[in-house]
Amino acid sequence: MISLVLEAILLIALPGLYALGVSWAFWSGVAKPWLFASSSAVSLYVLYFVVLYFGSPRGGGFFIEAPRQNESSHQVALVFLGSYIKPMLLFSVPAVPLLWLLVKVFRNQP
C-alpha cells in the first residue's frame, strides 16, 4: 500500500520536484526568485498536463495476474506507475529546455 502512495506522489509531484530543484539551484541567480519559482511550477504543470493527456495509456487491456501458490516473486512491481514511465520521460525532454529558458528570462541583469 505504501508503494502505491509513493507512486501516486511521484506521478503528481514530478513537475513540482523539477521546479523545486531548479529554483533551489538558481535562487540567488534570478532577479525575482518567488516569481521564477511559481512561473516555472505553473508552466511545468501545464506542460505535464498536455503530455499526460496525449501520451498517457488508454484504458482497456489491463489485467492482474496472481502468483501461483509455490511461486515466490522477489521482483518489485510498479502498481500503476509502470504504464506512465514513458509519458514521464516524454515530459522530461521539453521540461529541461523550458526551465533553461525560464532561467535565462529571470536571471539577474548586471
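Out of the residues in segment 11-31 meeting the condition of being β-branched (V, I, T) and either in contact with an Asp or Glu (Cβ under 7 Å, 6 or more places away or on another chain) or surrounded by 15 or more Cβ atoms within 10 Å (Cβ to Cβ) (or both), tell me which one is nearest to S56 (Cα to Cα).
Filtering segment 11-31 for residues that are β-branched (V, I, T) and either in contact with an Asp or Glu (Cβ under 7 Å, 6 or more places away or on another chain) or surrounded by 15 or more Cβ atoms within 10 Å (Cβ to Cβ) (or both), the one nearest to S56 (Cα to Cα) comes out as V22.
For S3, indicate whether it is part of a helix (DSSP H, G or I), modelled with pLDDT of 95 or more, surrounded by fewer than 15 Cβ atoms within 10 Å (Cβ to Cβ) and more than 10 Å from the chain's Cα centre (by Cα).
No; evaluated as a whole, the condition is false for this residue.
I need every pair where a residue in segment 1-29 that is of a type in the set (F, W, Y) has its Cβ under 7 Å from the Cβ of a residue that is surrounded by 12 or more Cβ atoms within 10 Å (Cβ to Cβ), sequence separation at least 6 or different chains.
Going by the 7 Å Cβ cut-off, the qualifying pairs are Y18/L44; Y18/A95; Y18/L99; F26/V103; W27/P33.
Filtering segment 32-51 down to residues that are touching a helix residue (DSSP H, G or I) at 6+ places or on another chain (Cβ under 6 Å) and closer than 18 Å to Q109 by Cβ, which residue is surrounded by the fewest Cβ atoms within 10 Å (Cβ to Cβ)?
P33
Limited to segment 80-105, what total is found for residues that are within 14 Å of the chain's Cα centre (by Cα), of a type in the set (F, W, Y) and closer than 17 Å to V30 by Cβ?
Residues in segment 80-105 being within 14 Å of the chain's Cα centre (by Cα), of a type in the set (F, W, Y) and closer than 17 Å to V30 by Cβ: 0 in total.
The values are calculated or read from the model by the stated rules, or taken from the named source; none is laboratory data. Predicted model only: the values in this text are computed from it and were never measured. Glycine gets a Cβ as well: all are built from the backbone with ideal geometry, and neighbour counts include every protein chain shown.
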